[in-house]
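Below is one structure, written out as structure tokens; the observations come after it.
The values are calculated or read from the model by the stated rules, or taken from the named source; none is laboratory data. Being a predicted model, the structure only gives us computed values, none of them experimental. Cβ coordinates were reconstructed from backbone atoms using ideal geometry, including for glycine residues, and neighbour counts include every protein chain displayed. Ligands, DNA and RNA are excluded from the accessible area calculation, which covers all protein heavy atoms including side chains. Shrake-Rupley method; radii C 1.70, N 1.55, O 1.52, S 1.80 Å.
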Amino acid sequence: MKTKSQPRRSEASHERKRLAALRDKFQRTTPTLQELLASGDYEGPVAAEDAWPIDQLLSQIKRLRAASGLTQKQLAAKIGMDVTAMSRLESGRQTNVTMQTLERVARGLGYALRVQMRPLPSPQAA
């Protein structure tokens, strides 16, 4: 019997593969803005309110690592991560960070990762 999470995992896996293929394509051939728009692959910019919480979390990781006295290389080794990936993560250049990676980093720093859902503002409040 299939659970409800199985189709979502499959969809998420398909989406990851689709995005990886797009990334590979654009790393091999750097399109101009006009070419990107014409391809139909451009999905528009990420809204600032969507990116802000991630930016804050990445900044917090960097602050906590520095406060703990660990270098990027030391933390990366501690959690079994490539130091280049750790650098990209802290700098915000790692655009597809996973919850598993964030959890590994948090645990390596002696913290637990907490994800929280909050209600959207009501239309009347806008």
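Go through the range 87-126 and give me each residue that's assigned to a loop (DSSP other than H, G, I, E, B) and of a type in the set (Lys, Arg).
Arg93, Arg114, Arg118
Working only within the range 20-40, note down all residues that are over 19 Å from the mean Cα position of the chain (by Cα) and not in a loop (DSSP other than H, G, I, E, B).
Passing the criteria: Lys25, Arg28, Leu33, Gln34, Glu35, Leu36, Leu37, Ala38, Ser39.
Test Lys73 against the stated conditions and say whether it is in contact (Cβ under 8 Å) with a residue 24 or more places away in the chain and either in a helix (DSSP H, G or I) or open to solvent by 50 Å² or more (accessible area, probe 1.4 Å) (or both).
When the stated conditions are applied, Lys73 does not pass them.
Given the condition touching a helix residue (DSSP H, G or I) at 6+ places or on another chain (Cβ under 9 Å), hydroxyl-bearing (Ser, Thr, Tyr) and either part of a loop (DSSP other than H, G, I, E, B) or modelled with pLDDT of 80 or more (or both), answer yes or no: does some residue in the range 1-18 qualify?
At the first step, the residues of the range 1-18 found to be touching a helix residue (DSSP H, G or I) at 6+ places or on another chain (Cβ under 9 Å) are none.
No: the range 1-18 contains no residue that is touching a helix residue (DSSP H, G or I) at 6+ places or on another chain (Cβ under 9 Å), hydroxyl-bearing (Ser, Thr, Tyr) and either part of a loop (DSSP other than H, G, I, E, B) or modelled with pLDDT of 80 or more (or both).
Show the residue pairs meeting these rules: Cβ distance below 9 Å; 6+ apart or different chains; first residue within the range 57-70 and at pLDDT 95 or above; second residue part of a loop (DSSP other than H, G, I, E, B) and basic (Lys, Arg).
Nothing qualifies.
Among the residues of the range 26-36, write down those that are open to solvent by less than 100 Å² (accessible area, probe 1.4 Å) and modelled with pLDDT of 75 or more.
Hits for the range 26-36 are Thr29, Thr32, Leu36.
Residue check, Arg23 against (1) farther than 25 Å from Arg118 by Cβ; (2) modelled with pLDDT of 85 or more, all met but one. Which one?
The one condition Arg23 does not meet is (2).
Just wondering, is there one or more residues in the range 79-89 that are closer than 16 Å to Pro53 by Cβ, within 13 Å of the chain's Cα centre (by Cα), free of Cβ contacts under 8 Å to residues at least 60 places away in the same chain and surrounded by 14 or more Cβ atoms within 10 Å (Cβ to Cβ)?
Start the filter on the range 79-89 by keeping residues that are closer than 16 Å to Pro53 by Cβ, which leaves 89.
Adding the requirement that they be within 13 Å of the chain's Cα centre (by Cα) leaves 89.
Filter once more, keeping what is free of Cβ contacts under 8 Å to residues at least 60 places away in the same chain: 89.
In the following step, the residues that additionally are surrounded by 14 or more Cβ atoms within 10 Å (Cβ to Cβ) were identified as 89.
Yes, the conditions are met somewhere in the range 79-89.
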